[in-house]
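Contents: one structure, followed by commentary.
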């Protein structure tokens, strides 16, 4: 029996995009963005040495739900960020390279 070795693609993402439809690729990137957002909220809190149960105004269960949900209201995000002792700034940025500057949509400090 022959020992068949499968060739491993050098770039997994390039390979995946070559076999996926545009719709599937868009969905995958959207899902990845959501996962990264979730990780960043928990990472932010952890970087400041704050336990889920220590966030003022939130129960441990609600902090966990906030950090692992697919979407979040801006008002909830502001409350969460403030409970971490931080402010929040949301900017609109050009998608294409241009000389246009960023535009601050929301600035919220404690």
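The values are calculated or read from the model by the stated rules, or taken from the named source; none is laboratory data. What you see is a predicted model; the values in this text were computed from it and never measured. Here the Cβ is made from the backbone with ideal geometry for all residues, glycine too, and neighbour counts use every protein chain on show.
Considering only residues that are within 16 Å of the chain's Cα centre (by Cα), touching a residue at least 12 places away in the same chain (Cβ under 8 Å) and outside any helix (DSSP H, G or I), look in the stretch 73-90 and name the one that is nearest to residue 31 (Cα to Cα). The qualifying residue nearest to residue 31 (Cα to Cα) is 90. Residues of the stretch 100-110 that are touching a strand residue (DSSP E or B) at 6+ places or on another chain (Cβ under 9 Å) and either in contact (Cβ under 8 Å) with a residue 60 or more places away in the chain or surrounded by fewer than 15 Cβ atoms within 10 Å (Cβ to Cβ) (or both): 102, 103, 104, 105, 106, 107, 109.
Please verify whether the stretch 91-99 includes one or more residues that are outside any loop (DSSP other than H, G, I, E, B) and either under 19 Å from residue 39 (Cα atoms) or touching a residue at least 40 places away in the same chain (Cβ under 8 Å) (or both). The answer is no, given that none of the residues of the stretch 91-99 is outside any loop (DSSP other than H, G, I, E, B) and either under 19 Å from residue 39 (Cα atoms) or touching a residue at least 40 places away in the same chain (Cβ under 8 Å) (or both). If only residues of the stretch 46-68 that are under 30 Å from residue 13 (Cα atoms) and crowded, with 16+ Cβ neighbours inside 10 Å are counted, the one that is farthest from the chain's Cα centre (by Cα) is 66.
Residue-by-condition table, conditions (1) closer than 25 Å to residue 103 by Cα; (2) out of contact with any helix residue (DSSP H, G or I) (no Cβ under 7 Å at 6 or more places or on another chain); (3) modelled with pLDDT of 80 or more:
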{"site": "3", "(1), (2), (3)": "no, yes, no"}
{"site": "26", "(1), (2), (3)": "no, yes, yes"}
{"site": "39", "(1), (2), (3)": "no, yes, no"}
{"site": "43", "(1), (2), (3)": "no, yes, yes"}
{"site": "46", "(1), (2), (3)": "no, yes, yes"}
{"site": "72", "(1), (2), (3)": "yes, no, yes"}
{"site": "76", "(1), (2), (3)": "yes, no, yes"}
{"site": "81", "(1), (2), (3)": "yes, yes, yes"}
